[in-house]
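Data first, discussion second: the structure below is written as structure tokens.
The values are calculated or read from the model by the stated rules, or taken from the named source; none is laboratory data. Quantities reported herein were computed from a predicted structural model and do not represent experimental measurements. All Cβ positions, even for glycine, are placed from backbone atoms using ideal geometry, and neighbour counts span all protein chains on display. Protein only, heavy atoms only, side chains kept; ligands, DNA and RNA dropped before computing areas. Shrake-Rupley method; radii C 1.70, N 1.55, O 1.52, S 1.80 Å.
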Amino acid sequence: MTPDPRFAALRQALPVIGAGGYFNSGYTGPLCRAAHEAIIATSTREFGTGRMGAAARALRVAAHDSARERTARLLGAGAGEVALTHHTTDGMNAVAHGLDWRPGDNAVTTRIEHKGGLLPLGVLRERRGVELRTVDWAPGEPQHELPRRIAAAIDARTRLVVVSHVSYVDGGILDLAPVVEAAHRHGAFVAVDGAQSAGVLPVDVAAMDADAYAVSGQKWLCGPEGTGALYLHPRGLDRVAQTFVGWASVDTWELDGHFVPNADVTRFEIGTRGLPQVAGFDAALGWHLDEVGTAWAAKRTADLAEEARQTLTGRPGLTVLTPDNHTGLLSVQTEVPAETVVERMAERGFTVRTIQGYDCVRACVGWFHTSDEVVALTGALLEATRP
């Protein structure tokens, strides 16, 4: 891979990567220096000068506004179309429980969804009697079959379609266009789990025409835990009711409980959140947008992951699940139980994980890794998968 003059400087902002062996960014990515410093500075200021008063309030408002604006830049949205959340799961729940469900309605999703998108639908099935249509597709099947099967499962009684832009199971990138087209043709709402795409895949929510897109800050954006955002298309404001409401959700309110919600998507923000975390999220977004760049990060990540994928493909006793069109998530099945492989990898100094229900091992290759580190990863994985 051709050296990039920016790479060394960017990598210095991620000391945990320099320490070696960290390949689990799909779970929690490395915290970048900008986020770390913002968290420390904000916490120190609050400790020394307090968290109340006009000056403190102004700083709080500015941090929230900046985080929304930068998230909007990341997703190709307007600032008024983004609400801050605590994680992707917050956004998926807000949409799932906010729709007006009627008897006979169904929700369509897949068998490779993360719990954050799937479990809210399970609650709807148990409490509201919603039919849950889970499209049967498994990693290793032809990738183009997945959007076709999702589209085929949608009908006139489908109220919500929940899909992941990038699968947390195998890193495959879903072709959203046929799914969105089929859903909108039947009047269904499309909520996209963007946890594994934000920061590692260019996203343009206006072009994809999805109704909602939820992201996390702690994965590929290299921000702190407890941060994220929800994009909601303006047409969704009339379709998604508020399930949880607090002071941050409303424009005006009365002592009898009547209220007027915020005019934009911030109506889905509920109450006070930790300002150091918000400041860290904002700083991570700024670092990613202004110094790293999603397009560059996406290409380098996919190229490095493809090098690893090619190295592992065709090896005896090992099946690569990651498809041709992928990001940095690399998943394999082996004759050795996945938990055993993860333990062996840990003994060799590599952090990877299993995926429940698939007995596979997932390693996350990022733009911040070197080719030598990826070679070391694949070598250790081959050793760990020997019977």
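Note on A177 and T49: their simple-model spin labels are 5.2 nm apart, each label 7 Å out from Cα toward Cβ.
Counting only protein heavy atoms and a probe of 1.4 Å, the accessible surface of the range 252-387 is 52% carbon and sulfur. Overall shape of the range 153-308 was characterised from the C-alpha gyration tensor. The equivalent ellipsoid obtained from it has semi-axes of 29, 24, 11 Å, in decreasing order. Estimated from the Cβ-Cβ distance and a Förster radius of 56 angstrom, the FRET efficiency linking E347 and A41 is about 0.90. Summarising the strand pairing of the chain, around 55 percent of its internal DSSP beta bridges are antiparallel.
Taking Lys and Arg as +1 and Asp and Glu as -1, the other residues whose beta-carbon sits under 12 Å from that of A13 total +1.
Classify the range 191-259: rounded, prolate or oblate, from the alpha-carbon gyration tensor (a ≥ b ≥ c, eigenvalue square roots; a/c under 1.5 rounded; otherwise prolate if a/b is larger than b/c)? The shape class here is oblate.
Dipole orientation for the chain: of the candidates G78, V361, I270, I270 has the Cα lying most toward the positive pole (charges on Cβ; Lys, Arg +1; Asp, Glu -1).
For the range 211-226, putting each phi into the Karplus relation 6.51 cos²θ - 1.76 cosθ + 1.60 with θ = phi - 60° gives couplings of 7, 8, 8, 10, 9, 10, x, 8, 9, 6, 7, 6, x, x, 5, x Hz, in residue order, rounded to whole numbers and with x for Gly and Pro. Quick check: from the Cα gyration tensor, does the range 9-101 come out rounded (a/c under 1.5), prolate or oblate? Verdict is oblate for the range 9-101. Taking Lys and Arg as +1 and Asp and Glu as -1, the other residues whose beta-carbon sits under 10 Å from that of R51 total +2. The slack in the chain from A8 to R111, taken as 0.36 nm per residue of separation less the alpha-carbon distance, amounts to 33.1 nm. Spin-label model, A241/D372: points 7 Å from Cα along the beta carbon direction are separated by 6.0 nm. Positive contributions from Lys and Arg (+1) and negative ones from Asp and Glu (-1), summed over other residues with Cβ under 13 Å from the Cβ of V250, come out at -3. Over every Cα atom in the range 259-375, the radius of gyration and the widest Cα-Cα span, Dmax, amount to 19.3, 64 Å. Among the cysteines of the chain, C360, C364 have no other cysteine beta carbon within less than 4.7 Å of their own. Each listed q (0.28 Å⁻¹) maps to a log10 I(q)/I(0) for the range 325-376 from the Debye sum over equal C-alpha point scatterers, namely -1.17. Using Cα centres only, tell me the gap between the range 289-333 and the range 61-113 in whole Å. Between the Cα centre of the range 289-333 and that of the range 61-113, the gap is 27 Å. Within the range 124-149, name every residue whose backbone N is under 15 Å away from a label modeled 7 Å from Cα of R185 along the Cβ vector. Correct set: 147-149.
Maximal additional length on extending the R128-R386 stretch stands at 88.1 nm, based on 0.36 nm per residue less the C-alpha distance. As a size descriptor, the averaged projected area of the C-alpha convex hull of the range 68-117 was calculated at 4.8 nm².
For the chain, the 222 nm mean residue ellipticity estimated from helices alone, with every DSSP H stretch of n ≥ 4 adding -39500 (n - 2.57) and the total spread over all residues, rounds to -12000 deg cm²/dmol.
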